[in-house]
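Written out below as C-alpha cells is the structure these notes cover.
The values are calculated or read from the model by the stated rules, or taken from the named source; none is laboratory data. Remember, predicted model here, so these are calculated numbers, not experimental data. Here Cβ is always computed from backbone atoms with ideal geometry, including for glycine, and neighbour counts include all displayed protein chains. Calculation scope for accessible area: heavy atoms of the full protein, side chains included, ligands and nucleic acids excluded. Shrake-Rupley method; radii C 1.70, N 1.55, O 1.52, S 1.80 Å.
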Amino acid sequence: MGNNKETIRIDEVKSLDEDQKLAEYSQKLDALRSDGVNKVFSLKQEIFTLKKNKMVDPATKAKILADHKRQIAAARKIEQKNRAEEDQITKEAVAYANALSVLYEKKVHEEESVKAEEYKKEYIATIEKIRKESVAKEKEILGTKSATRKEDLAAHRYEMKSALFDAKSKYNSAVGKCRDAEHQAFVDHIQKNINLRNSKTKFSENFQLGLKDYAYQFTPQKFLLANGLYIAILIFFIVCIILAPLSGNGNLLSLQNLFTILEQSSVRMFYALGVAGLILIAGTDLSVGRMVAMGAVVTGLILHPGQNIVTFFGLGPWNFTHMSMVFRILMSISISVLLCVLFSAFAGFFSAKLKIHPFISTLATQLIIYGLLFFGTSGTPVGSIDGNIKDMFGGRWTLGAINGDMITLPKLIIPAIIAIIIAWFIWNKTTFGKNMYAVGGNAEAASVSGISVFWVTMGIFIMAGIFYGFGAFFEAFKANASAGTGQGYELDAIAACVVGGISFNGGIGKIGGAVIGVIIFTGLTYCLTFLGIDTNLQFVFKGLILIAAVALDSVKYLKKK
C-alpha cells in the first residue's frame, strides 16, 4: 500500500469495510482460522456451557466432553500448521489497513471540514437574518400605539432568543456529527486491526484510542467539573512547598516527610477502605471512631507489658505477659476484628432488613459503643504497648543517611498496602464486588436481577468491620489507647472517600479513589501542621474541601439525570 499511497487519488479511497483487497485478506484469514484457532475457541465455550448444564446426564456429558477434546486436539494441529501463514497474512493485512486508514481518515477529515465550514456560514447567515427581522419587528411594535405594546415587545424578544438558541443548537448538532464521523473513522481503523488479529489488542493502539476518545469528549466545563477540586488542592500543596522554606520550616518534600505522610495515612487507610463500601451503596458510617477506640483499647489491654491499671466493668486489672507474644498478638487482632464485625453487623442488620438509613443505624452503634467504653473503663487510658511488639508493627526500618539525615521506612506502610490490594481485588475481581456496584447503582433493579440486596448490604458492613478491626489494632501502636481514641476519625474517612470520587449518590467510585483521598487529606493536615497553622483552623480547611467535593459530586449527578 506504501507505493499505492502516491498513485491513489484521495477521493477514490474507500472505507475499510468497502475496500476489496482488505476484504480478501479477511476471507483468507477466516479460512485459515475456521478449522483451527476459531474452532478451539468455539469448542472450549461449548465445554464450559456443558459443564454447567445440569440437564445432561453424566454419561452423555462425559461422552460429549471426550469428543470435544478430540476435536480440540485436531483443531490445534490445524492451528499449528496454519500459524506461520496466518501470521504473515495478518502482518500484511494490518500494514495495508494502516496505510489505507491514513488516506481514508484524511479524506473524511477534508470532507467533514468542508461540511463544518458550510454549516458555520449557514449559521452566521441565519443569525444575521434573525437579528435583522427582529430589529424590523421591534420598530413595527414600537411604532404602534397598542395598549399591549410592552407585552408584545417582551414576547417578541423572547421569540428572538428562542430562535437564536434553536439556530445555535442546530449548528452545534451539525458540527458534532462532523466530529463524530472523523472520530468513527479512527475507531473503525483500530477495530479492523483487532479483527484482523483475531481479537488481539495492541497497547499502542489502545493508548492512541484512549487519547482520541479523551480529546473527542473533552470540554473545559467537563474537565473543570471532574478535576477542579484536585487542581485547587494541587495549587494549595505547591503554595505550601514554596512557603515552607521561606518560613524557616525546611523542605516539605524531603523523603522523610513524605514517609511520615504515608505512615500517618497507613492506619487511616483501613477506615477509609471500610467506609468506602458503605458510601458506594449511598450510605455512611458514623461509628468508625468508636470502633477504633474499642479495638485499640482491647489491643492495649492485651499487649500491655505488665499488669494493666484499667478495669473493665469491675473486672481486672489483667496481666497477659505470661502468654506467648504470638498468641497475644493473634488474640488482640482476633478480638478487635470480632468486636468491630459484631457491632458493624448489628448496624448493618437494621439498615439491610428494616431499611433504616446507615446514618441512623451507625449513629446508634456509635452511641452504644461510646457509652460502654466510657462506663466500662471510666475513660482511663490503657497504657503503653510492649516495646518489642510496638517495634515489630509500628517501628521503622533504617534505610541509610541522605545529606546527613537518617532515612527510615515506616513498617505500617506494608499492612496498608496489603489491605489496599485485598480491597481492590474484592471490588474489581469478585462477584460480590460487582454486586456492590449493582446495589449502589439501583437496589431495586439489582433485586429484580436476582441479587440479594440484604446479604450484599450485610457483607459490606461485615467487610467494613474487618477493616476497622485491623485499623484499630494498628491504631493502638500510635498512642496510649482510651475510650476517646479515634475522635472524629469517621469524618476524615468519609471526607477522604468523597474527595477520592466515591459518590454519595451510590454506585460510582473506585477503591483507588479512597486511597488517593486518604493521602490527600493526610498530606493536607501534615502541610498545615508543618507550616505551624493552628489545629482549629485546620478544621476550616478540611470543611471547605469536603463541602466542595460533595458540591461537585452533586452537580455531576444532577447533570447525568
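Here are some notes:
- Hits in the stretch 326-346 - residues which are of a type outside the set (Phe, Trp, Tyr), under 30 Å from the mean Cα position of the chain (by Cα) and either at pLDDT below 95 or surrounded by 19 or more Cβ atoms within 10 Å (Cβ to Cβ) (or both): ILE333, SER336, VAL337, LEU339, CYS340, VAL341, SER344
- Looking across the stretch 508-533, the residues that are open to solvent by 30 Å² or more (accessible area, probe 1.4 Å), over 19 Å from the mean Cα position of the chain (by Cα) and touching a residue at least 24 places away in the same chain (Cβ under 8 Å) come down to TYR526, PHE530, LEU531, GLY532.
- Scope the stretch 451-479; condition of a type in the set (Val, Ile, Thr) and assigned to a helix (DSSP H, G or I); matching residues: VAL453, VAL456, THR457, ILE460, ILE462, ILE466
- Screening LYS21, LYS39, LYS14 for residues that are in contact (Cβ under 8 Å) with a residue 24 or more places away in the chain and over 30 Å from LEU103 (Cα atoms) leaves exactly one candidate, LYS39.
- Subset of the stretch 124-143 (residues that are in contact with a helix residue (DSSP H, G or I) (Cβ under 8 Å, 6 or more places away or on another chain) and either more than 30 Å from SER113 (Cα to Cα) or among the aliphatic types (A, V, I, L, M) (or both)): ILE127, ILE130, SER134, LYS137, GLU138, ILE141, LEU142
- All positions within the stretch 127-166 that are modelled with pLDDT of 85 or more, of a type in the set (Ser, Thr, Tyr) and open to solvent by 60 Å² or more (accessible area, probe 1.4 Å): TYR158
- Some residue of the stretch 357-376 being more than 27 Å from MET269 (Cβ to Cβ) and in contact with a strand residue (DSSP E or B) (Cβ under 7 Å, 6 or more places away or on another chain): yes
- Scanning the stretch 202-253 for residues that are more than 25 Å from ALA549 (Cα to Cα) and among the hydroxyl-bearing types (Ser, Thr, Tyr) turns up SER204, TYR216, SER247.
- Residues of the stretch 23-71 classified as open to solvent by 80 Å² or more (accessible area, probe 1.4 Å), at pLDDT below 90 and under 42 Å from the mean Cα position of the chain (by Cα), total: 6
- Inside the stretch 427-449, residues that are closer than 25 Å to MET269 by Cβ, in contact (Cβ under 8 Å) with a residue 12 or more places away in the chain and open to solvent by less than 40 Å² (accessible area, probe 1.4 Å) make up a count of 5.
- The C-beta contact set for the stretch 233-257 (first residue open to solvent by 40 Å² or more (accessible area, probe 1.4 Å), second residue polar (S, T, N, Q) and not in a helix (DSSP H, G or I), distance under 8 angstrom, 6+ apart or interchain) comprises PRO245/ASN251; GLN256/THR408.
- Note on the stretch 398-419: residues that are open to solvent by 20 Å² or more (accessible area, probe 1.4 Å), out of contact with any Leu (no Cβ under 7 Å at 6 or more places or on another chain) and not basic (Lys, Arg) total 11.
- Summed over the stretch 84-93, the residues that are without any contact (Cβ under 8 Å) to a residue 24 or more places away in the chain and either open to solvent by 80 Å² or more (accessible area, probe 1.4 Å) or under 14 Å from LYS200 (Cβ atoms) (or both) give a count of 3.
This table checks each residue for (1) aliphatic (A, V, I, L, M); (2) farther than 27 Å from VAL439 by Cβ; (3) touching a Cys at 6+ places or on another chain (Cβ under 6 Å).
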{"site": "VAL292", "(1), (2), (3)": "yes, no, no"}
{"site": "THR299", "(1), (2), (3)": "no, yes, no"}
{"site": "GLN307", "(1), (2), (3)": "no, yes, no"}
{"site": "VAL310", "(1), (2), (3)": "yes, yes, no"}
{"site": "LEU315", "(1), (2), (3)": "yes, yes, no"}
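- Residue match in the stretch 477-486 (condition: surrounded by 19 or more Cβ atoms within 10 Å (Cβ to Cβ) and over 21 Å from ILE368 (Cα atoms)): yes
- Of the residues making up the stretch 464-476, those that are open to solvent by less than 20 Å² (accessible area, probe 1.4 Å) and over 15 Å from GLU490 (Cα atoms) are PHE473, PHE474, ALA476.
- Selection within the stretch 198-232 - without any contact (Cβ under 8 Å) to a residue 12 or more places away in the chain and of a type in the set (Gly, Ala, Ser): SER199, SER204, GLY210, ALA215
- In the stretch 151-172, the residues that are under 20 Å from GLU128 (Cβ atoms) reach residues that are among the aromatic types (Phe, Trp, Tyr) with C-beta atoms within less than 8 angstrom, at least six apart or across chains, in these pairs: ALA167/TYR123; LYS168/TYR123; LYS170/TYR123; TYR171/TYR119; TYR171/TYR123.
- Candidates ASN505, ASN536 - the one that is open to solvent by 40 Å² or more (accessible area, probe 1.4 Å) and closer than 25 Å to ASN249 by Cα: ASN536
- Yes/no for VAL550 being closer than 21 Å to ASN227 by Cβ, out of contact with any Gly (no Cβ under 7 Å at 6 or more places or on another chain) and in a helix (DSSP H, G or I): yes
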